[in-house]
Amino acid sequence: MPVQRRRSPKRVAAMLLSENNIKAELSYAYLHAIASRAGLGCSIGGRHDDGIGVDATLRAKERFGPDSTKTQFTVDVQLKATSSEPKDLGEKYSYSLPLKNYDELRSVDCQAPQILVVLFLPSDESEWVNHSAERLICQRCAYWLSLRSAPESENETAQTVYLPKNNALSVDKLRDLMARFSRMEAINYER
C-alpha cells in the first residue's frame with residue numbers, strides 16, 4: 001500500500017495594505033520623489049485633509065524667476081492611481097474621477113492652487129516597482145491636471161477628465177508648474 005502524504009493546507013498570506021492602498025502609497029511615493037528632486041517640500045495630507053480632497057501638499061520657498069509674485073506658497077494635490085489601461089485619445093488620456101473629487105478640484109474659491117495627479121501603473125502588479133543594486137524603477141508615469149473652473153458635471157457618481165500627455169509629472173514639468181503658480185497664474189481646466 002503506497003504511503004499517502006498529508007498535504008499541508010495552502011497558506012494565504014494576508015497583506016497589511018489592500019491593492020488600492022498600495023496604489024495610493026505608490027502615487028504619493030512618485031510625487032514625493034519628483035518633488036524632492038525639484039527642491040520642493042512634499043507632505044502627505046492628514047485624515048482631515050483627505051476629507052476635503054487633499055492627499056498631499058507641495059511647499060515652495062524660492063523665487064522661480066524675476067516675475068515671481070510669491071516666493072513662499074503651497075499647492076494642494078489630489079492623488080489617484082490606477083492599473084487600468086488608460087484610454088489613449090492621441091494627445092490625452094481619459095480618467096474617470098469620482099464626482100466628489102471633481103467638484104472639490106474645480107473650485108475657484110481656494111487659497112492654495114489645486115491639482116490632480118494620476119499615476120498610471122501597469123496592469124501586472126509585479127511590474128509596478130522593480131529594483132536592483134543600481135536603481136529603483138517605478139513603471140509608467142503620473143500626469144497632472146488643473147480642474148479649476150471646470151464645468152459642473154451632469155453625472156451622479158463620476159466625471160471623465162482628460163490629462164494631456166505633455167503634463168507628464170517630471171522634475172522639470174513640476175518646476176515649470178510651480179513657477180506659474182509663483183506668478184499667481186490661474187491655471188484653468190481645458191478639455
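None of the figures in this text is laboratory data; all of them are computed from the coordinates on show. Just so it is clear, the structure is predicted and the values come from calculations on it, not from any experiment. Glycine gets a Cβ as well: all are built from the backbone with ideal geometry, and neighbour counts include every protein chain shown.
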Selection within region 138-183 - among the small types (G, A, S) and on the phi < 0 side of the Ramachandran plot: A142, S146, A150, S153, A158, A168, S170, A179, S182
Quick one: which residue in P151, P122 is free of Cβ contacts under 8 Å to residues at least 60 places away in the same chain and under 20 Å from L26 (Cβ atoms)? P122
Every listed condition ((1) over 14 Å from the mean Cα position of the chain (by Cα); (2) free of Cβ contacts under 8 Å to residues at least 40 places away in the same chain; (3) within 12 Å of G53 (Cα to Cα)) holds for S107 save (2)
Can we say D88 is over 16 Å from the mean Cα position of the chain (by Cα), within 20 Å of E152 (Cα to Cα) and among the charged types (D, E, K, R)? no
From the options R140, R175, R148, R135, residue that is of a type in the set (K, R) and touching a Leu at 6+ places or on another chain (Cβ under 6 Å): R140
Wholly enclosed strands (runs of 3 or more DSSP E) of region 115-179 bearing at least 2 residues in contact with a Phe, Trp or Tyr (Cβ under 9 Å, 6 or more places away or on another chain) and farther than 26 Å from R59 by Cα: 158-164
Inspect all residues belonging to region 117-127 and state whether any of them is in contact with an Asp or Glu (Cβ under 7 Å, 6 or more places away or on another chain), more than 20 Å from N167 (Cβ to Cβ), exposed (fewer than 14 other Cβ atoms within 10 Å of the Cβ) and of a type outside the set (D, E). yes
